[in-house]
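Scroll down for the structure; my scribbles are underneath it.
The values are calculated or read from the model by the stated rules, or taken from the named source; none is laboratory data. Everything quoted here is computed from the prediction, not taken from an experiment. We place every Cβ from the backbone using ideal geometry, glycine too, and count neighbours over all the protein chains shown. We work out accessible area using only protein heavy atoms, side chains counted, and drop any ligands, DNA or RNA first. Shrake-Rupley method; radii C 1.70, N 1.55, O 1.52, S 1.80 Å.
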Amino acid sequence: RAVDGLLGSTHGTASTAGQQKLQRLALHLQHAGSQPESLAATLDTVAATVAEQWLDEPLIAGHLAETLAAIAACLHLGGVSASDTVLDLARRASGHAHRDVRVAAVHLLGRSVVARLSHGPAPSLDRSAETWILAEIQRACRDETHDQLAAAGVASLVDVHAAHGIWIDEVVHEFARLAAKNPHGLPADAREHLLRSGSLSDHAKLIYRKSITKLQSVDESMDTSILEVYPMLLDDRTDALDAIRTITLLLSADPSSARILAIAVATHMPASKLCSTFASFIGSAPTSHPSQHTFNAWTAFDETIQHVQLSVPSDKDTTGNLLDIDTVQLCIRVLDVPSAFASESGAQSPAMQLFTKQSPAVLSVLAKLLGLAGDASNHHAVKARLPDTVARSILIACTGYLGDPSIATWSSPSAREAASKSLEALRRLKNAATVSDLVASHAQSILTDYIKPLFVHPSITASGARTPWKDSTPAAVSVLQFCASQLTAPRVAPLQHLLLPPVLSLLDDHEPRYKRVGIALLRKCFVQESRPEDVRRTGLGHVFMDALGICVSYMGEDPGLMDDALVAMREMVDVVWEKGSDEWVAGLDRHIREFVMGRFAFAMGGSVKALRILFKEMRMLVGLCPVLVFKTLKATVGTVCEVLEVHQRDFESQVAAADTLIAAIQVGGWARMHMYQGQVLKSVAETWRLLQMPFLADARRNDANARLLGDRLQLLVQLMCQCCPDTIENDLRVLLMIDKPLFGPLLPRNLADRLDQPVPVIQR
């Protein structure tokens, strides 16, 4: 039929003799199927005629391809060998311009080799013929334009190997190349042979191991291809640990190849098998002291599992659960923060530095495991069972990396991001509306079973009094901080008895970083999210105030801690005592006298940050209770004037001092400012004089605080004029007499003009 089609398509393009010759060949082919000798001779004549008459005719490419395919089929079904004429036709046709002709020619080359080795006389295929045939087939395999031609080349190699077991190395490499480029381009029968052939699989492993041990001596594309295709050749009897171990080894030698192999493993290995394989590979190593081996293993696990797609129900474990609980629990154990982080020297050890580097990969694996199970539960209507005890352990493990950076020194930005993703995946898996709801549902058990035992009794060591939450479980504070920060008003009151002991312990600790966390938890749990009556019922208001008062004394070591403590004390006054009551006023009075005014003496000449914080707190307090202005006005004026005169060039502190006096005057101090008229004007004038000095010209132009100070000094003079209208003009006139160009801009414009007039002389 192929020859008849070729005859029809060539009508008018070939000689009459050629047409008649092909007609006779077609009749011979109809009767030659059962006569091998006759068939071989006829095929030889057909090949010669096609090569001579029509190989270069572009308009009949389709029929020419069918004829080549028909010759290949006759070789396969007729049990005859391929003549040199047939091989020559196939060789010439493999360079044809048309793709279909080249595909048929490559197929014919493969069939010709099989036929010669099966039915030809020995030696049926000399070395030179084998060389050029293999070269032509490989050239087709590596064609970058037509995937169909590459697939035909691989299929021809597979045919030859399936029949005679030769060219095994070429089969594996070219199959790998095609699979890497187009995994679905290989014919089904050729693919089936590759996946089921034990010899091919064994040889692929051999090349694979050679590639990973001598990466520098292997062609890059070949190496990449064999890495990508190797997991496809794994069968159930193959130890998957080999692939996992290879990814781990490649991470440092060749990260790009490691990623290619990781993607291939994730694509071809079921998720449950992947997890169990990695768990067995990692699980034998100690979890508390990681090594480079475990670090590489977790990094490889993270790289691999990111490409896993869960298939349901094949990826269920033996219990029918979608979630690999054993691997999840392994992650939890590895994430447990070692006690070595309790000391600075221990945290700097190489093992703990490696732990810090390893944790993000473990958290990322945990997030992917939970995410896979959650997505399957949502999209496939199947259940991923996660016991509450395991969910609580996941919460504890993840939140240990989300604490204050000064506390969670073992964490890092990437670890925090991965821990947050794990919590979000856990939320979806447990069908919680928010992470706060998820934490709230486990808060009592976490506080009772995990936090409470750590904050009960101190443990005395050689270095002094220590507590378990610092000595043996350094992540406890981070867990407490995160969980407490997620609690809202209705949920705090029932847990107050569990929150009080750890908060007080943190406030009493000598390290500022723990005091900061204690203050933050106090404000969150007992000010913002609690009703005042619930706090008053505890009777611990004075205890809180005393503990905060100690924090204020850290003004030199940590001014930020003092600021946090002052803010918390001011807020606690409204909680501990009813606003407006005598006790409330007394509490504010004590606060302002002991912890604000009483601290100015220590801040003067010391920490300017502490000085500014005290001025800020002073302004806030007099705004809350103006009656306190009269009790503190003398001390306030003295402190403000001293800072204005002494802290030259510290414009920010001078502005803070001026703002404090302005606030005191505006809320009620104006009634007694006549008592301090001379003191205030003297300090203001001196500060103004120094501010106008030539060496501060650049500061006045470029420093916003310097310009702001000038505005504040002018405002103070204006306020003093309003407070002391009957007595201040003489003092201001003296300033103008001393240096009118200097002090004139300090005074209000209308007042300066009026005071500039000569004073009338009274005649006796």
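For this structure, a couple of remarks:
- Calculated on the alpha-carbon coordinates, the convex hull of region 74-181 measures out at 90 cubic angstrom per residue.
- Calculated FRET efficiency, Glu557 to Arg649, Cβ-Cβ distance, R0 = 25 Å: about 0.50 to the nearest 0.05.
- Asp703/Leu249 FRET efficiency (R0 60 Å; Cβ-Cβ; nearest 0.05): 0.50
- Convex hull volume per residue, computed on the Cα atoms of region 599-639, equals 59 Å³.
- Cα→Cβ-extended label distance, 7 Å offset, between Gln722 and Asn750, nm: 1.3
- Qualifying GluC sites (Glu not before Pro) for region 526-594 [loop in DSSP, other Cβ within 10 Å: at most 13]: Glu557, Glu578
- Computed with a 1.4 Å probe on the full set of protein chains, the accessible area for Cys275 sits at about 10 Å².
- Kirkwood Rh in Å, taken over region 521-595 so that all alpha-carbon pairs contribute: 12.5
- A straight chain from Asp336 to Asp84 at 0.36 nm per residue would run longer than the Cα-Cα distance by 83.4 nm.
- By accessible area with a 1.4 Å probe, ligands and nucleic acids excluded, highest first: order of Met352, Met604: Met604, Met352
- Size descriptors for region 603-755: radius of gyration and Dmax over Cα atoms are 15.1, 43 Å.
- Restriction of the GluC sites (Glu not before Pro) in region 63-170 to DSSP coil positions whose beta-carbon has at most 11 other beta-carbons within 10 angstrom yields Glu144.
- Taking N as its residue count, the alpha carbon Rg of region 616-681 over 2.2 N^0.38 Å: 1.05
- With each label modelled as a point 7 angstrom along the Cα→C-beta vector, the Thr448-Asp471 pair spans 2.7 nm.
- Spacing of the two label points (7 Å from each Cα toward its C-beta) at Arg428 and Glu583, in nm: 5.1
- Binned Cα-Cα distance frequencies in region 68-114 - 10 Å width, integer %: 32, 57, 11, 0
- Total formal charge among the other residues, if their Cβ is under 12 angstrom from that of Gly556, Lys/Arg +1 and Asp/Glu -1: 0
- Counting only protein heavy atoms and using a 1.4 Å probe, the accessible area of Asp159 comes to about 40 Å².
- Shape of region 573-683, Cα gyration tensor, a/c cut at 1.5: oblate
- Cα-based convex hull volume of region 487-532 per residue, rounded to whole Å³: 60
- FRET efficiency estimate (nearest 0.05) - Cβ-Cβ, Leu354 to Glu144, R0 45 angstrom: 0.55
- Charge dipole magnitude, Cβ of K and R +1, D and E -1 - region 38-124, Cα centre, debye nearest 20: 320
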